[in-house]
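Trainee: Quick one: structure below, then a few questions.
Readers should treat all values here as calculations from the given coordinates under stated rules, not as data from a laboratory. These numbers come from a predicted model, not from an experiment. Using ideal geometry, Cβ is built from the backbone for each residue, glycine included, and neighbour counts are taken over all protein chains shown.
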Amino acid sequence: MSIKRVAVIGAGTMGAGIAGQAANAGCDVLLLDLPSEGPDVDALAQKGLDRISNPGNPGILSLDIADRITVGNIRDDFDKLSDCDWVAEAILERLDLKKDLYKKLDSVCKDDAIISSNTSTIPIKLLVEDMPLEFRKRFAITHFFNPVRFMPLLELVAGDDTDPDIMNLLHRFCDEQLGKGVVVCRDTPGFLGNRVGCYAIQAALHTANDMGLSPQEADAIFGRPMGIPKTGVFGLYDLIGIDLMSDVASSLVSILPDGDAFHEVGTKLALMENMIANGQKGRKTGAGFYRIHDGGKEVINLETGEYEPVQNLQIPVVLKAEKEGIIHVLEDKTKYGDYAWKVMSNVLSYAASLVPEVGDNPVAIDDAMKMGYNWIKGPFELIDEIGADYLIGRLESEQRPIPEYLRQAAGSSFYNGLKVSVFGGGWQAIQRPDGTLRFNDRKKELSASESNSEASWYDVEGVAVVEFHSKANALGAGSMQILEAALRAVKSNKMRGLIVHNDAQHFSCGVNLNAVRAFFEAGDWDGLDAFLNHFQQTVHSMASAEFPVVVAPVGLSLGGGFEVVLHGKHVICHANSNMGLVESGVGVIPAGGGCKETLYRWIEKKDGDVTAAAWEAFMSLGYGKTASSPLLARDLAMLRPNDRFENNRDRLFSEAMVAIAEGSEQMSFTRDPIAMAGREEYRKMIAWAEDMQSKGKLYPHDVFVSTQIAEIVTGGDIDPGTEWSEQDLYDAERRAFLRLVKTEATQERIRTLLDDGKAVRN
């Protein structure tokens, strides 16, 4: 059996998201909800489809994908479920409603149709206790995380009677086609992600309140220094919705046994009751623990309930911990170190106390927190980082209980290379689905061939693998030094090829603007030009190499990061990759071959029409266009027909290795000269920019930036048909970049972006 036709019942946030991801996977999807009164009886399901089709937060890879989704209602279209291979229920978390629905499904669905629930709290044994055995055999819980397209975690839960073949089919489909990181969970309350994740959030929330820390202080500590997203705890409450997050916590309180530590932190803060009543529910209402007011960001005072301006906090230990590890914030002797220890010691102890209840090793919990909550490391990986003996010692000094599984790690660790400690003693290999290979797993058995603070390269079975690992993977001189060294090693040692990839949340946010700022504040124009030239020549070496070069990006690939992608011979990216050249927003232009490559790509897409291509490149670069999916990237000439994508990011590295083994894409990217469009088109572009300024659609400095872009893509004040080589275009990029960085307007944009988080418009 295979899954080709999917139905989702319930078109709310989760149901619509599941429908969108199934459509992204190539399935025909039926999306049903309750019938509506009024002219459009399918209005609720249509609202769900409209939500995932919103370009501002798309749940589908492109608008064309929406054609695979048919909307309807459970009154008029229920019989259409009879030919569906999988029916996913995503209705309200009410047991009575779910049970009634399952009885109706049993009477309509075909005998081999899989039925699943997206519940996050109700045990499977309660869901199907009244259903016949044949129904129970094909029933499972498929708990997705929101937003479905972007959050990789899927918790898969079998009942006592679920057929193992059904579980295997669901596991394979959700992994290979939906692109999910499938974590198989036991039927325990809250499963894994929410059980540990909600405990961590609640512990951080209550501890901050008890200690008198402001939300801003708590988020600064319980965030990046811990390897947790910068939203921290109060920011995450706002993002999820204060009312929704409170409901999740209350649900866990209602289903967890009396002795569970969650009960100590599961209640709402008194202030939160008033906030919810006042409509201060987070970002969705425009105000929560934080809000934007009169153009400035404000944060609530937990004691008074009044908003105050956000402060520019300077907490030295935060930067130190981000660079050197969590141990530095745990050891800090200020109130911030005290807060970090109180929260993390409780969270790590709680996670350890769940073994063996939820499983006999820590892999599933760690994966759930990394894929469901975007932690860089899971709880047990964090314990290994700080040392089990350190954690045990401090807990003992405070006369606190030590979970049995944590005590088992004394003098040792939970992970040893690709093996993991099993409850009760012994080690076993980490299990991953066939075809998945995480580079972070592979690194556990490797040492870097060369490394610096920005990047490293590794020899993996005769393939050089370059990994960027600076903050946000920003690219500087060190990144290019490692990339150049890896290219040189492949060539001189006759290695099989080069892969550029990492397992971070994002591939690269672009060139390190702090480095650019240092150059212009020192007036070191020769140094800046040399850096740009080295960047250009390094990525050019990727494109012109005589061996396979594969770039496998995930998340954001922006600015200079995307210029690296553009010069890979073959790109295998994640379906949720977001890419583009966004430099114009900070008053510069792509100067690592981005303008050059954009022009060449559009010439190819426009069948050799240089003038049409120049205008497309001008608009794309000037507006800093980005593509939120590989399908959109192809439309914008950012990816070529031979580039491809994978729905599951855990398959990128293995697919890149296969591509190298097959000698993938040996074609050279040494470009023929271009007969440039010349001065007439150059002047038209300047006139267009000036007209847009007169209409109030561009700022004065935008016109100057646009003029520099126009000069690159047309050749400027030259005769039409004048030939420019790749090197001519590289040189033009550097001239334009330096010209712009020497202006006060560009310098102001860069400073405000780095200092205030947003570039001034001027």
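Trainee: Counting pairs of alpha carbon atoms under 8 Å apart in space and at least six apart in sequence, what relative contact order in percent does the range 5-185 give?
Mentor: Reported relative contact order: 21 percent.
Trainee: Give a residue-ordered list of calculated ³J(HN,Hα) values for the range 327-343 (Karplus: 6.51 cos²θ - 1.76 cosθ + 1.60, θ = phi - 60°; whole Hz; x for Gly, Pro).
Mentor: Values per residue, Gly and Pro as x: 4, 5, 7, 5, 8, 4, 8, 8, 4, 6, x, 5, 4, 4, 5, 4, 6 Hz.
Trainee: Can I ask one more? Calculate, for residue 407 and residue 727, the FRET efficiency according to 1/(1 + (r/R0)^6) with r their C-beta to C-beta distance and R0 56 Å; round to the nearest 0.05.
Mentor: The pair residue 407/residue 727 has a calculated efficiency of 0.30.
Trainee: If amide hydrogens are placed 1.01 Å from N in the peptide plane, which non-local residues have theirs closer than 5 Å to the one on residue 511?
Mentor: Those qualifying (amide H under 5 Å, at least 5 residues apart or on another chain) are 475, 560, 561.
Trainee: Along the Cα→Cβ direction, 7 angstrom out, place labels at residue 704 and residue 1. What is the inter-label distance in nm?
Mentor: 6.7
Trainee: Another question about this same structure. If you stretched the chain out fully between residue 398 and residue 680, how much longer would it get, using 0.36 nm times the residue separation minus the C-alpha to C-alpha distance?
Mentor: 93.8 nm
Trainee: Counting other beta carbons within 10 Å of each residue's own, what order do 281, 695 fall into, fewest first?
Mentor: With the sparsest Cβ surroundings first, the list reads 695, 281.
Trainee: OK, next. Across the range 101-116, in residue order, what do the Karplus-derived ³J(HN,Hα) couplings come to in whole Hz, using 6.51 cos²θ - 1.76 cosθ + 1.60 with θ = phi - 60° and x for Gly and Pro?
Mentor: Rounded to whole hertz, the list is 5, 5, 5, 5, 4, 4, 7, 10, 5, 5, 4, 9, 5, 7, 10, 9.
Trainee: Starting from the 7 Å offset along Cα-to-Cβ, what nm value, one decimal, do you get for the label separation of residue 529 and residue 762?
Mentor: The two pseudo-label positions are separated by 2.4 nm.
Trainee: Of 378, 417, 304, which is farthest along the charge dipole of the range 193-428 in the positive direction, counting Lys and Arg as +1 and Asp and Glu as -1 at C-beta?
Mentor: Going by the charge dipole, the pick is 417.
Trainee: What FRET efficiency comes out for the pair residue 697/residue 642, r = Cβ-Cβ distance, R0 = 41 Å, nearest 0.05?
Mentor: 0.65
Trainee: Moving on. Any idea what the dipole of the range 193-428 comes to, in debye rounded to 20, about its Cα centre with Lys/Arg Cβ at +1 and Asp/Glu Cβ at -1?
Mentor: The calculated dipole for the range 193-428 is roughly 480 debye.
Trainee: OK, next. Once label points are set 7 Å from the Cα along Cα→Cβ at both residue 284 and residue 244, what is their separation, rounded to one decimal in nm?
Mentor: So the two model labels end up 0.5 nm from each other.
Trainee: Among 342/443; 180/443; 284/625; 697/742; 342/471; 268/758, which pairs are too far apart, with a Cα-Cα distance over 29 Å?
Mentor: Exceeds cut-off: 342/443; 268/758.
Trainee: In what sequence do 206, 534, 293 fall when counting other Cβ within 10 Å, fewest first?
Mentor: Going from least to most buried by this count: 293, 534, 206.
Trainee: In addition: For the range 600-687, with only Lys/Arg (+1) and Asp/Glu (-1) charged at the beta-carbon, what is the dipole magnitude about the Cα centre, in debye rounded to 20?
Mentor: Using Cβ point charges on Lys, Arg, Asp and Glu, the range 600-687 gives about 340 debye.
Trainee: Here's a follow-up. How far, in nm, would the chain grow between residue 301 and residue 82 when pulled straight, counting 0.36 nm per residue and subtracting the alpha carbon separation?
Mentor: Full extension of this stretch gives 73.4 nm more.
Trainee: Based solely on its DSSP helices, what 222 nm [θ] is calculated for the chain when runs of n ≥ 4 H residues each add -39,500 (n - 2.57) and the sum is averaged over all residues, nearest 500 deg cm²/dmol?
Mentor: After summing the helix terms and dividing by the residues of the chain, the value is -13500 deg cm²/dmol.
Trainee: A follow-up question, please. Excluding residues on the same chain fewer than 8 positions from residue 491, give the aspartates and glutamates whose Cα lies under 14 Å from its Cα.
Mentor: Within the straight-line limit of under 14 Å, residue 491 reaches these aspartates and glutamates: 459, 546.
Trainee: Suppose every Lys and Arg Cβ carries +1 and every Asp and Glu Cβ carries -1, with no other charges. What dipole size does the chain come out with about its Cα centre, to the nearest 20 debye?
Mentor: 500
Trainee: Given a Förster radius of 22 Å and the C-beta distance between residue 670 and residue 742 as r, what FRET efficiency does 1/(1 + (r/R0)^6) yield to the nearest 0.05?
Mentor: After rounding, the FRET efficiency stands at 0.10.
Trainee: For residue 133 and residue 54 in one chain, what is 0.36 nm times their gap in residues minus the Cα-Cα distance, to one decimal in nm?
Mentor: Going from the current span to full extension adds 24.3 nm.
Trainee: Listing 153, 498, 244 from the residue with the fewest other Cβ atoms within 10 Å to the one with the most, what is the order?
Mentor: 244, 153, 498
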